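Engineer: Input: one structure, supplied below.
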Amino acid sequence: MAREPVGGFVGVDQGVANLAVTSDGVVLPGPALPGPVGGNGHVRTLRERRHRQRRRLQKKGTSAARRLLRRLSGREHRMMTDLNHQISKFVVREAERTGRGIALEDLQGIRDRVRAHRLQRRTLHNWAFAQQITFTRYKAARAGIAFVLVDPAYTSQACPDCGYASRANRPARGRFVCTRCGLAGHADHIAARNIATRGVAGWAVINQPHATGLPSARRDRESKPPDSTSGS
């Protein structure tokens, strides 16, 4: 059973340019994660290289090319799965250390909703958003950490300080500047902060006590004694 979070929630924004950014401002993968992958730029470079290799091999169409294609596909899948494990492990560890819960966006159908740049569409469609959510969810459950999925609408356009939401708050892809209060920062970090706030609200809704002691028509009917059928 999940423990009640005492320090709020760690919000995690998932994206194309950055695989994950936490509400603490940590970009993942990055220096916080050990291993051969240096960061999101390194991930994109590796995937672009694999994409060019696949295109060359597909044009050849030989049996040897098809065997190499299968090996490359397995290699990329293992790399991304390992990254998802590392990211989810880091987030769960931070939540456990600070007594917080974890909030992620409910990204079901994200591929249909997001209007990505033409050069980002392939990455968006190949990236397993669901896998990172699944890994984080089961690791959180195993550690007894509260976990919620929140509505992703306008998380990168709304100001976490004053609440004002507008497209004008996003003057550039990675930049956020609130046109009302002036708060500025990286758009992914701002989104993660909003996700963390929504996590608190979502957890409160999930765990609100049921008003079982209040009267209801059904309970009134069940509590009445049966009508007497005797003539006395």
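Engineer: Considering only the range 180-193, state which residues are open to solvent by 30 Å² or more (accessible area, probe 1.4 Å) and not small (Gly, Ala, Ser).
Structural biologist: Within the range 180-193, Arg180, Cys181, Leu183, His186, His189, Arg193 qualify.
Engineer: Of the residues Val200, Val177, Val205, only one is open to solvent by 70 Å² or more (accessible area, probe 1.4 Å) and modelled with pLDDT of 95 or more; which?
Structural biologist: Exactly one residue qualifies, and that residue is Val200.
Engineer: Okay, next question. Is it the case, given these coordinates, that Ala153 is in a helix (DSSP H, G or I) and over 17 Å from Ala20 (Cβ atoms)?
Structural biologist: Numbers: in a helix (DSSP H, G or I): no; over 17 Å from Ala20 (Cβ atoms): yes.
Judged against the criteria, Ala153 is not a match.
Engineer: Filter the range 160-174 for residues that are touching a Ser or Thr at 6+ places or on another chain (Cβ under 7 Å) and either open to solvent by less than 50 Å² (accessible area, probe 1.4 Å) or of a type in the set (Lys, Arg) (or both) and give the result.
Structural biologist: Keep residues of the range 160-174 that are touching a Ser or Thr at 6+ places or on another chain (Cβ under 7 Å), which gives 160, 166, 168-170.
Hits for the range 160-174 are Pro160, Ser166, Asn169, Arg170.
Engineer: Take the conditions assigned to a loop (DSSP other than H, G, I, E, B), closer than 26 Å to Pro29 by Cα and at pLDDT 95 or above and apply them to Pro160. Does it pass?
Structural biologist: Here the answer is yes, as Pro160 does meet what is asked.
Engineer: Another question, if that's okay. Please determine, by comparing only the residues of the range 83-116 that are part of a helix (DSSP H, G or I) and hydrophobic (A, V, I, L, M, F, W, C), which one is modelled with the lowest pLDDT. Even if it seems obvious, please write down each step before you answer.
Structural biologist: As a first pass, look at the range 83-116 and keep what is part of a helix (DSSP H, G or I): 83-98, 110-113.
Pick out the ones that are also hydrophobic (A, V, I, L, M, F, W, C) and you get 83, 87, 90-92, 95, 110.
On the way: Leu83: 89, Ile87: 94, Phe90: 96, Val91: 97, Val92: 98, Ala95: 98, Ile110: 55.
Out of the qualifying residues, it is Ile110.
Engineer: Which residues, taken from the range 48-82, are at pLDDT 75 or above, surrounded by 11 or more Cβ atoms within 10 Å (Cβ to Cβ) and not charged (D, E, K, R)?
Structural biologist: Selection gives Gln58, His77, Met79, Met80, Thr81.
Engineer: Still on this structure, I have one more. Which one is most open to solvent (accessible area, probe 1.4 Å), of the residues in the range 139-157 that are in contact with a Ser or Thr (Cβ under 9 Å, 6 or more places away or on another chain) and over 24 Å from Asn169 (Cβ atoms)?
Structural biologist: For the range 139-157, the residue satisfying everything is Phe147.
The values are calculated or read from the model by the stated rules, or taken from the named source; none is laboratory data. Everything numeric in this text was worked out from a predicted model, so none of it was measured. Backbone-built Cβ (ideal geometry, glycine too); neighbour counts: all protein chains shown. Surface accessibility is based on the protein's heavy atoms, side chains included, excluding ligands, DNA and RNA. Shrake-Rupley method; radii C 1.70, N 1.55, O 1.52, S 1.80 Å.
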